[in-house]
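The values are calculated or read from the model by the stated rules, or taken from the named source; none is laboratory data. All values derive from a computational prediction rather than experimental measurement. Quick reminder, even Gly has a Cβ in these numbers, built from the backbone with ideal geometry, and neighbours come from all protein chains shown.
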């Protein structure tokens, strides 16, 4: 082995040691956080498990389980009572003799998956054909050809917009819309995170986000664990999709996009072992009729619902009346409690950190300007950590905003949304542009929770105070909201 090879291997080993040390430091910070194990996830009690999990590639992690929803996890003010509250779901399981072996971890790409899942879930009726076509392509091979000439304008608009989003995030390796023939041509990426998303990950994420928003809007006290891998007292292994404690009472949700028939009895038996009342154990199955869901509920010891009526099942489970299904407070969610905006951004792992953000942006621009080959933002982070005054967790949140803002581009000019994928340039070397992209990341996090937040001028003032920057104009905010929820025009890729 040559000296150059030895030096290269030694540099890799040193970098791994640095990453391991940083992960251990981050874990220590997260253990102090009252939200680090609450609505978002509970981290493993073993430092080795954390390191093992984070050392995997993005594709490997996504292949195993669905990433957690957008409400994230880091705040700075440790409080023992709040930490105990956040651990309530874990304690609830262990009190029943159930061993919790693994948990869901935070990911920098949550916002991307949230956006795609919400878009698909809110428009599934219009998107079912393109969804099934992509899913079929992933399982059988080949590309997607979908003619929409007999479809409504809204289905065409939603389908082309969805494909544009998928292509921009490299979920599709190619995409073309022939406007004269109204035909979509696309090829999905056959990688773990894409396969996982289309084979059910999106639906689990969508249901979680809807329930999370519903519970917040109705001001219910709750904590949550996502994808806990558990062992029952008899030694059987099991994995739950979503387990809430709402007002200290369990609410368990499982999500299926197909082949539910082989799982209903299994979930019914697991419910009995968990000791969760039937009304509070809900299996949500995509695209089944209400008659079938009602009959399955009668036949088995679990509540079965579909994507259209699962909120009614949750209403009944938590003891709310049917007229509260679509009720939101006058100044909902974010403004419901003091410091609500800061809490939201903290939970989304998007602390604005205005006192350090500009320094990080300037150092990032300087660093990228000197690059002679593509690097990952994880590699860049280790360099920035030596140059800025922000703590590592604060730096992580600033970089989350930069990544989610679409600031990183590869050699082909495509957006890089993963911390482990290489990028070669920034969308701009103007600090003001990168700053505006960060602000847009904060805006999107707010819009996902409360789409009408910025319609109140006092909310805009509060937003600007918290993030330490100027909010976008209403035209830009409306555009961001349309991208998340209500696109009304089909993009032209002809």
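Which one of the conditions (1) in contact with a helix residue (DSSP H, G or I) (Cβ under 9 Å, 6 or more places away or on another chain); (2) part of a loop (DSSP other than H, G, I, E, B); (3) free of Cβ contacts under 8 Å to residues at least 24 places away in the same chain does residue 173 fail to meet, given that it meets all the rest?
Only one criterion is unmet by residue 173, namely (2).
Please identify the pairs in which a residue from the stretch 442-467 that is in contact (Cβ under 8 Å) with a residue 12 or more places away in the chain has its Cβ atom under 9 Å from the Cβ atom of a residue that is exposed (fewer than 13 other Cβ atoms within 10 Å of the Cβ) and part of a helix (DSSP H, G or I), counting only partners at least 6 apart or on another chain.
From the stretch 442-467, the pairs are 454/474.
Here are some residues: 401, 390. Which one is touching a residue at least 12 places away in the same chain (Cβ under 8 Å), outside any strand (DSSP E or B) and within 17 Å of the chain's Cα centre (by Cα)?
After ruling out the rest, the residue left standing is 401.
Please go through the stretch 420-448 and give me each residue that is touching a strand residue (DSSP E or B) at 6+ places or on another chain (Cβ under 9 Å), under 30 Å from residue 340 (Cβ atoms) and surrounded by fewer than 23 Cβ atoms within 10 Å (Cβ to Cβ), ordered by number. Give the steps one after another, and end with the answer.
Residues of the stretch 420-448 that are touching a strand residue (DSSP E or B) at 6+ places or on another chain (Cβ under 9 Å), as a first pass: 420-427, 433-434.
With the extra rule that they be under 30 Å from residue 340 (Cβ atoms), the set shrinks to 433-434.
The one that is touching a strand residue (DSSP E or B) at 6+ places or on another chain (Cβ under 9 Å), under 30 Å from residue 340 (Cβ atoms) and surrounded by fewer than 23 Cβ atoms within 10 Å (Cβ to Cβ): 433.
Given the conditions (1) at pLDDT 95 or above; (2) loosely packed, with under 15 Cβ neighbours inside 10 Å, and given that residue 261 satisfies all but one, which numbered condition is not satisfied?
Tallying (1) at pLDDT 95 or above; (2) loosely packed, with under 15 Cβ neighbours inside 10 Å, residue 261 fails exactly one: (1).
Is it the case that the stretch 279-297 has a residue that's closer than 22 Å to residue 210 by Cα, crowded, with 16+ Cβ neighbours inside 10 Å and without any contact (Cβ under 8 Å) to a residue 24 or more places away in the chain?
The answer is yes, given that some residue of the stretch 279-297 is closer than 22 Å to residue 210 by Cα, crowded, with 16+ Cβ neighbours inside 10 Å and without any contact (Cβ under 8 Å) to a residue 24 or more places away in the chain.
So is residue 435 over 25 Å from the mean Cα position of the chain (by Cα), under 24 Å from residue 470 (Cβ atoms) and not in a strand (DSSP E or B) or not?
no
Do the conditions hold for residue 451, that is, is it at pLDDT below 95, in a loop (DSSP other than H, G, I, E, B), under 30 Å from residue 219 (Cβ atoms) and within 21 Å of the chain's Cα centre (by Cα)?
When the stated conditions are applied, residue 451 passes them.
Only one of 185, 206 is without any contact (Cβ under 8 Å) to a residue 60 or more places away in the chain and either out of contact with any helix residue (DSSP H, G or I) (no Cβ under 9 Å at 6 or more places or on another chain) or crowded, with 22+ Cβ neighbours inside 10 Å (or both); which? Spell out how you get there, then give the answer.
Details: 206 fails: without any contact (Cβ under 8 Å) to a residue 60 or more places away in the chain.
From the options 185, 206, the qualifying one is 185.
Could you say which residue among 238, 198, 212 is in contact (Cβ under 8 Å) with a residue 60 or more places away in the chain and touching a helix residue (DSSP H, G or I) at 6+ places or on another chain (Cβ under 8 Å)?
198
Does at least one position in the stretch 368-375 carry a residue that is touching a residue at least 60 places away in the same chain (Cβ under 8 Å), part of a helix (DSSP H, G or I) and within 27 Å of residue 113 (Cα to Cα)?
Yes: the stretch 368-375 contains one or more residues that are touching a residue at least 60 places away in the same chain (Cβ under 8 Å), part of a helix (DSSP H, G or I) and within 27 Å of residue 113 (Cα to Cα).
Just the residues that are in a loop (DSSP other than H, G, I, E, B) and over 22 Å from the mean Cα position of the chain (by Cα), please, taken from the stretch 242-257.
Of everything in the stretch 242-257, those that are in a loop (DSSP other than H, G, I, E, B) and over 22 Å from the mean Cα position of the chain (by Cα) turn out to be 247, 248.
If only one of 315, 350, 345, 341 is assigned to a loop (DSSP other than H, G, I, E, B) and modelled with pLDDT of 65 or more, which one is it?
Every option except 350 fails the conditions.
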